[in-house]
Amino acid sequence: MRAQPLLYIKQPQVAVSERERERERERERERERVSHLHWSETLNNHMEIESAKCECCGLREDCTGEYIAGVKADFGGRWLCGLCSEAVREEVAAKKRGDLEGAVRDHMSFCAKFGKKGPAFRVADGMRQMLRRRSSDISAASSAAS
């Protein structure tokens, strides 16, 4: 059986006045504005930011409530920052016993040994120092080139 050819009907060209084009552009801008307002409202409803303090090292992070709830669910109701949560997961994987609660307790005692300036603070401080050195190196190189 032979396939039937598709028939296309060409729409007649209609002259559109400049006024009609402007009205269409205005309608499009209004649709975009309404869409943007709806999107902003949706984001505000779902993306409210909260501050959470790590129960291991004391580092504060700004996260959505949904993310905070997820982390707490993963760690028995405790909020752990990204660095501490990775350390706990590595501890569980290394011991291969699956004792998450024990790994959290071990990591909390490890962080307590460092006092207020725990490992997360030391990492952040190291990054700050590195960026300062890099910034001064760039400044020195640009002033020497002048």
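Among the residues of region 19-27, none qualifies, meaning not one is of a type outside the set (A, V, I, L, M), under 30 Å from residue 108 (Cα atoms), modelled with pLDDT of 80 or more and exposed (fewer than 11 other Cβ atoms within 10 Å of the Cβ). Among the residues of region 74-89, those identified as within 19 Å of the chain's Cα centre (by Cα), assigned to a helix (DSSP H, G or I) and not hydroxyl-bearing (Ser, Thr, Tyr) are 74, 82, 83, 84, 86.
Output the residues belonging to region 102-128 that are at pLDDT 85 or above and exposed (fewer than 12 other Cβ atoms within 10 Å of the Cβ). Result: 109, single match.
Kindly indicate whether any position in region 45-62 is part of a helix (DSSP H, G or I), out of contact with any strand residue (DSSP E or B) (no Cβ under 8 Å at 6 or more places or on another chain) and either surrounded by 10 or more Cβ atoms within 10 Å (Cβ to Cβ) or modelled with pLDDT under 90 (or both). Looking for residues that are part of a helix (DSSP H, G or I), out of contact with any strand residue (DSSP E or B) (no Cβ under 8 Å at 6 or more places or on another chain) and either surrounded by 10 or more Cβ atoms within 10 Å (Cβ to Cβ) or modelled with pLDDT under 90 (or both), one finds at least one in region 45-62, hence yes.
The values are calculated or read from the model by the stated rules, or taken from the named source; none is laboratory data. All figures in this text were calculated on a predicted structure; none of them were measured in a lab. Glycine gets a Cβ as well: all are built from the backbone with ideal geometry, and neighbour counts include every protein chain shown.
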